[in-house]
There are 2 protein chains.
Amino acid sequence: MRLGAFLYPTGYHVAAWRHPEVPADAGVDIGHYAELARTAERGKLDFLFLPDSSAMRGGDTAELSRTAIRYVAQFEPLTLLGALAGVTERIGLTATISATYNEPYHSARMLASLDHISRGRAGWNLVTSQNPYEAYNFGLPEHPEHGVRYARAQEFAQVVKGLWDTWSDDAWVRDKAAGRFFDPAGVRPLDHHGEHFSVRGPLNMPRCPQGHPVTLQAGSSDTGRDLAAATADVVFTAQHSREQALAFTEDVRARAEKLGRDPEGVKVLAGVFPFVGRTRAEAEEKVERLQDLIDPQVGLGLLSSELGHADLDGSDLDGPLPDIPVSNSGRSRRDLLVRMAREEGLTVRQLYKRVAGSRGHWQVVGTPESVADELADWFHSGAVDGFIVMPPYLPGGLEDFVDLVVPELRRRGLFRTEYTGTTLRDHLGLARPGR
Amino acid sequence: MRLGAFLYPTGYHVAAWRHPEVPADAGVDIGHYAELARTAERGKLDFLFLPDSSAMRGGDTAELSRTAIRYVAQFEPLTLLGALAGVTERIGLTATISATYNEPYHSARMLASLDHISRGRAGWNLVTSQNPYEAYNFGLPEHPEHGVRYARAQEFAQVVKGLWDTWSDDAWVRDKAAGRFFDPAGVRPLDHHGEHFSVRGPLNMPRCPQGHPVTLQAGSSDTGRDLAAATADVVFTAQHSREQALAFTEDVRARAEKLGRDPEGVKVLAGVFPFVGRTRAEAEEKVERLQDLIDPQVGLGLLSSELGHADLDGSDLDGPLPDIPVSNSGRSRRDLLVRMAREEGLTVRQLYKRVAGSRGHWQVVGTPESVADELADWFHSGAVDGFIVMPPYLPGGLEDFVDLVVPELRRRGLFRTEYTGTTLRDHLGLARPGR
C-alpha cells in the first residue's frame with residue numbers, strides 16, 4: 001500500500017487552526033513543518049504532498065479573515081521542500097505546480113534541483129489553476145478557458161519531461177586531466193516549438209537521480225483524466241465509495257493503455273480524511289470538536305468557492321441547495337458536490353458542514369482497527385494502490401495516523417516497516433526512466 | 001566592513017574544476033554547498049551570494065564541454081537556499097533572479113518564503129538577462145532590447161516590494177476564541193497596472209521577518225546605475241582601482257539621493273578575487289597553478305561571451321584585440337574589457353587569461369596581511385562599504401579567506417567577531433522597512 005501525507009499547514013479541516021493543539025501560525029513555522037516531515041518519515045510514508053495556490057482563494061476579505069486554509073498564509077512549496085530535504089533522509093517531497101502560470105523551464109529546473117538536493121526524492125503535482133484570483137496576479141482578467149488550460153498543461157508536462165531528458169545519465173565524465181567536463185555526445189537540445197511554448201533547452205543541470213521526478217496529477221473531469229493518463233505516475237483522486245474508486249481507476253488505466261503506457265505504471269491514490277481514536281466514541285468526539293468550531297460565514301464562503309464561486313448570498317441555510325450554474329472554474333468539484341447534495345438530500349448547512357470537513361474526500365472515522373479495515377477493503381478490491389492521508393488537524397491528526405493506523409496496517413502485512421529503496425520512485429515501485 | 005561570499009560551484013576561476021582539491025561535481029553536491037555555507041558562517045560573513053542563469057551560457061557544445069563555470073551544471077538557487085537555510089543559523093542567503101523571464105508574484109512569494117524559513121536572512125540579486133541563450137528557453141528569438149529589459153526590471157522590483165507590503169506587520173491576530181485569523185484592516189491589494197505587469201495581490205503570505213528581503217543589484221551602465229539607485233540596498237560592482245570604485249560609489253549614492261533616498265542606505269560592495277598564501281610566493285603559486293589549467297578553447301570562448309558573444313574565430317591569439325561591435329547583450333562588461341585591453345595593450349591571449357581568472361573583478365594576491373592592507377585601504381578611503389569575495393576555487397579559496405584574511409581584518413577592528421543581530425538587514429546595518 002502506498003501512503004502520502006497531505007499537508008495543509010494547520011490540517012485539512014477548515015476549523016483546524018482554532019483547535020487548541022494546533023499552532024495557529026503553522027503556515028510560516030518551519031519548525032512545525034520539520035516536525036510533520038519527521039513524523040511522516042517515522043511512519044515510513046511514501047511522500048509529503050504540498051497543495052498550493054498563487055493567490056488567496058476568495059475575494060471577500062471579511063470572510064477570508066476567519067479561515068486559515070484558503071492559501072492565505074503558507075510557505076511557497078519549492079523553497080519549503082528545499083528546507084525539508086535537509087531534515088529528512090528518505091521520504092518523498094512533492095509540490096503542487098500550476099501549468100497555467102509557470103514557465104516549464106523554471107519548473108523543470110527547480111524540480112530537478114530538488115531531486116538532486118534530496119538525492120532522488122522529488123515529485124510534483126501538476127495542476128491547472130482553478131482559483132480565479134490567481135489570474136489577477138498574472139495580468140489576466142480571468143483564466144484561459146478549461147480546454148486551453150488542459151492543453152497547456154499537457155504541453156507543459158511534455159516540455160518539462162523533455163528538458164529532464166536533454167542529458168544522458170552518463171554525460172558527466174568530469175575528466176580533470178583531459179579537461180573534459182562533459183561528453184558533448186550526451187547532450188541534445190529539446191528544440192520544442194508548440195502551441196503554448198517554445199523551449200530550446202538543454203536544461204542547465206545534470207540529469208537528476210530519478211531521471212524524472214515523480215509526476216502526480218488529480219484530473220477528474222474527462223479532460224483531466226486524459227491529462228492524468230498521458231502524464232501521471234500517480235493519480236490523486238477524491239472518491240467516496242469503493243465502487244466509484246474502482247471504476248475511476250479502471251477508466252484511468254484504460255486511457256493510459258490506449259496511449260501506449262503500461263497501466264501498472266499509473267498508481268491511483270485516493271484522498272482519505274481520517275479521524276482515529278482508541279475507541280469509536282473518541283474518534284467521533286474528535287470530529288465533533290472540529291465541526292463545532294466551523295464559523296457559518298466561513299462554511300458558506302467555502303461552499304461557494306468549491307462550487308466554482310457560485311453566488312450563495314441569501315440562501316436559506318436550512319433549505320436545499322439552489323441551482324448552481326457551470327462556471328469557468330474547476331468543473332469536477334462542482335459536479336461532485338451538486339450530485340452529493342441531490343442524492344443525499346442535504347441542506348445548504350449540511351452540505352457546507354460536509355464540505356468544510358472533507359471537501360469531497362472520503363471521511364473515515366473509527367478505531368485503528370476499523371480504519372485499517374476500511375483502507376484494506378479498498379486496497380484489496382483493487383480500487384486503489386493506496387491513499388493520500390489528509391489529517392484533519394496538525395500535528396495531532398498525522399501522529400494519530402502514524403502511531404495508531406500504520407502499525408495496524410503493518411500487522412496485516414499491508415505496509416512497509418522500513419524503506420527498502422532510497423528514491424521516491426523506489427518507494428512507489430515505479431521504474432526509473434533511463435536516457 | 002561588509003563581506004559576502006560569491007559561490008560558483010567549483011570557484012570563480014574558469015579552470016577551478018580541474019584543481020585536484022575541488023570536487024568536480026560540486027554544482028549538484030549538496031554536501032559541498034553545506035560545507036561552504038558553514039565555512040562562511042564560521043567566518044561570520046554577512047551573506048552567501050548565488051549567481052545564476054536560466055540557460056547554459058554559450059552555444060558551442062564542444063567548447064562548453066570543457067568548462068564548469070558557464071551555468072552548465074548547478075542547482076537552481078532558491079531551492080538550494082531553502083536547503084542551506086536549514087544547515088545555517090545566521091548568515092544571509094541571497095539568490096540571483098532575472099526580471100526578464102520571471103513573474104514578480106512568484107519571485108516575491110519565493111523570497112518571502114525563504115525569509116520566513118530562514119527567519120530573516122533572505123536577499124535577491126536583481127538582474128536583467130544578459131546571456132542570449134536564456135531567450136530561447138522562454139519562447140523568444142532574442143532578449144528584449146537593453147532599455148526595455150531595464151524598464152521591466154525597475155517595474156519588477158516595484159511590484160515585488162509592493163507585494164511585500166500588502167500586509168501590515170500586525171495583521172495576524174490569530175484569535176482562536178473569536179475566530180479571527182487576521183485583521184481585514186491589515187491587508188490591502190496592490191492593484192498594480194503598469195507597462196509590463198498587472199498584479200492585483202495581496203501576497204498570500206504574512207509579511208516577512210525583514211519586511212523586505214535585501215535587494216542587491218549590479219548595475220554598471222548608466223541605465224544600470226539608475227536601477228541600482230532606485231531599487232538596491234546593496235550594489236555589487238566590478239572595479240579595479242580604488243579611485244574608480246570611489247567615483248562609482250559617489251555616483252550611485254548621488255543618484256539615490258536625487259531619488260529621495262538616504263544615500264547611506266545604499267551599501268556598495270566590490271568584487272574581490274583573492275589568492276591568499278602564507279607567503280607572497282605561495283599565493284602566486286596558487287595563481288599559476290590555476291592559470292596553467294586554462295584550456296585555450298575555453299579561454300577564447302569565455303572572452304567571446306564576455307564581449308557580448310563577439311565572433312573571435314580566427315583571431316591571432318598573440319595579436320591585439322580586434323574591433324568588437326556593440327551587441328544587444330550586456331554592454332558594461334564589453335566596455336570594461338575593451339578599455340582594459342586598449343589601455344594595457346593586451347594580446348587576445350593575455351586578455352582571455354585575465355578574463356578567465358577574475359573576469360573583470362579586482363584580483364588581489366598576497367599574504368593575509370597584504371590582502372587585508374588592500375581591502376582596508378579601499379574601505380578606509382570610503383570607496384566601498386565592503387566586498388563580495390569570489391574565491392578562485394572551492395572550498396579551499398573560501399577557507400583561505402575565512403581562516404587567514406578574516407582574522408587579520410578582526411585584529412584591525414574592521415570585521416565582526418560575532419554576529420550581533422539575527423537578520424541579514426541587521427548584519428548589513430540596514431533599517432527594516434515597517435508597514
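The values are calculated or read from the model by the stated rules, or taken from the named source; none is laboratory data. From a predicted model like this one, the values you see are computed outputs, not experimental measurements. Cβ sites come from the backbone with ideal geometry, for glycine too, and all protein chains shown count toward neighbours. Note: accessible area is taken over every heavy atom of the protein model, side chains too, but ligands, DNA and RNA are not part of it. Shrake-Rupley method; radii C 1.70, N 1.55, O 1.52, S 1.80 Å.
A few remarks follow.
- Integer Hz, Karplus 6.51/-1.76/1.60 couplings in order for segment B:39-51, x for Gly and Pro: 5, 5, 6, 4, x, 6, 5, 6, 6, 8, 10, 10, x
- Summarising the rotation from chain B to chain A, the nearest chain B beta-carbon to the axis and its distance in Å are given as B:G82, 1.
- Principal axis dimensions, largest first and in whole angstrom, of segment A:354-397 by Cα: 29, 21, 17
- Estimated FRET transfer efficiency (A:E250, A:D170; beta-carbon r; R0 41 Å; 0.05): 0.55
- Residue-normalised convex hull volume from the C-alpha trace of chain A: 142 Å³ per residue.
- The modelled label-to-label distance between A:R435 and A:E257, using points 7 Å beyond Cα along the C-beta direction, is 3.0 nm.
- When A:G421 is represented by a point 7 angstrom out along its Cα-to-C-beta vector, the spacings to that point in the other copies are 4.8 nm, nearest first.
- Across peptide A:132-138, the mean count of Cβ atoms from other chains lying within 10 Å of each residue's own Cβ comes to 6.
- Added length on full extension, which subtracts the Cα-Cα distance from 0.36 nm per residue, A:H240 to A:D292: 16.4 nm
- The contact residues of segment B:22-40, meaning those that lose at least 20 Å² of 1.4 Å-probe accessible area when all protein chains sit together rather than their chain alone, are B:A24, B:D25, B:V28, B:I30.
- Most fluctuating residue given options A:G11, A:G162, A:G120, as computed from a GNM of chain A linking Cα atoms under 10 Å: A:G162
- Placing a label point 7 Å from Cα along the Cα-to-Cβ axis, B:R342 is separated from the same position in the other copies by 7.9 nm, shortest listed first.
- Normalised contact order of chain B, rounded percent, pairs of Cα under 8 Å and 6 or more residues apart: 23
- Residue by residue along A:102-109, Cβ atoms of other protein chains within 10 Å of the local Cβ number 5 on average.
- For the segment A:111-124, counting C-beta atoms of other chains within 10 Å of every residue's C-beta and taking the mean gives 4.
- Chain B, accessible surface, carbon-and-sulfur percent (1.4 angstrom probe): 46
- Nearest-0.05 FRET efficiency for A:E195 and B:L140, computed from C-beta distance (R0 22 Å): 0.85
- Stokes-Einstein diffusion coefficient of the protein assembly as shown, Kirkwood radius over Cα pairs, 4 °C, 1.567 mPa s, in µm²/s: 46
- Ordering of A:168-180, B:78-90, B:374-386 by burial proxy (mean other Cβ atoms within 10 Å per residue, highest first): B:78-90, B:374-386, A:168-180
- The antiparallel fraction among DSSP beta bridges confined to the protein assembly as shown stands at about 15%.
- Cα-based helix-to-principal-axis angle, B:348-358 vs chain B, degrees rounded to 10: 40
- Cα→Cβ-extended label distance, 7 Å offset, between A:R410 and B:Q350, nm: 7.2
- Solvent-free Debye calculation, one equal scatterer per alpha-carbon of segment A:326-435: log10 I(q)/I(0) at 0.12, 0.21, 0.24 Å⁻¹ equals -0.62, -1.22, -1.34.
- Residue-span extension gain [A:L317 to A:A62] - 0.36 nm each, minus C-alpha spacing: 89.9 nm
- Accessible surface, segment A:279-387, averaged per residue in Å² (probe 1.4 Å): 44
- Entries of A:K286/B:K176; A:K161/A:K267; B:K286/B:K353; A:K267/A:K353 with Cα pairs more than 20 Å apart: A:K267/A:K353
- For the pair B:Y419 and B:M340 in one chain, pulling the backbone fully straight at 0.36 nm per residue adds 24.5 nm over the alpha carbon distance.
- Debye log10 I(q)/I(0) at q = 0.30 Å⁻¹ for segment B:175-226, Cα point scatterers: -1.09
- In chain A, helical runs assigned H by DSSP with n ≥ 4 each contribute -39500 (n - 2.57); averaged across all residues and rounded to the nearest 500, the mean residue ellipticity at 222 nm is -11500 deg cm²/dmol.
- Each copy carries A:D191; placing its label point 7 Å along the C-beta direction from Cα gives inter-copy distances of 5.0 nm, listed from smallest up.
- Once the Cα gyration tensor of segment B:111-266 is diagonalised, semi-axes √(5λ) in Å: 33, 21, 14
- Buried area at the B-A interface (accessible, heavy atoms, 1.4 Å probe, summed, Å²): 6100
- Amide H within-cut-off set for A:I388, under 5 Å, with H built and near neighbours excluded: A:G4, A:A270, A:G271, A:V272
- Take each peptide in B:108-116, B:265-273, count the other Cβ atoms within 10 Å of every residue, and average; sorted highest first, the result is B:108-116, B:265-273.
- Beta-bridge orientation, chain A: approximately 15 percent antiparallel, per DSSP, counting only bridges with both partners inside.
- Efficiency of FRET between B:R278 and B:A376 - r from beta-carbon atoms, R0 22 angstrom, step 0.05: 0.70
- Database remark: amide H of A:G277 closer than 5 angstrom to the amide H of A:A283, A:G366, A:T367 (H placed geometrically; neighbours at sequence offset of 5 or more, or on other chains; Pro and chain starts carry no H).
- The smallest convex shape that holds all Cα atoms of segment A:130-206, its convex hull, gives 117 Å³ per residue.
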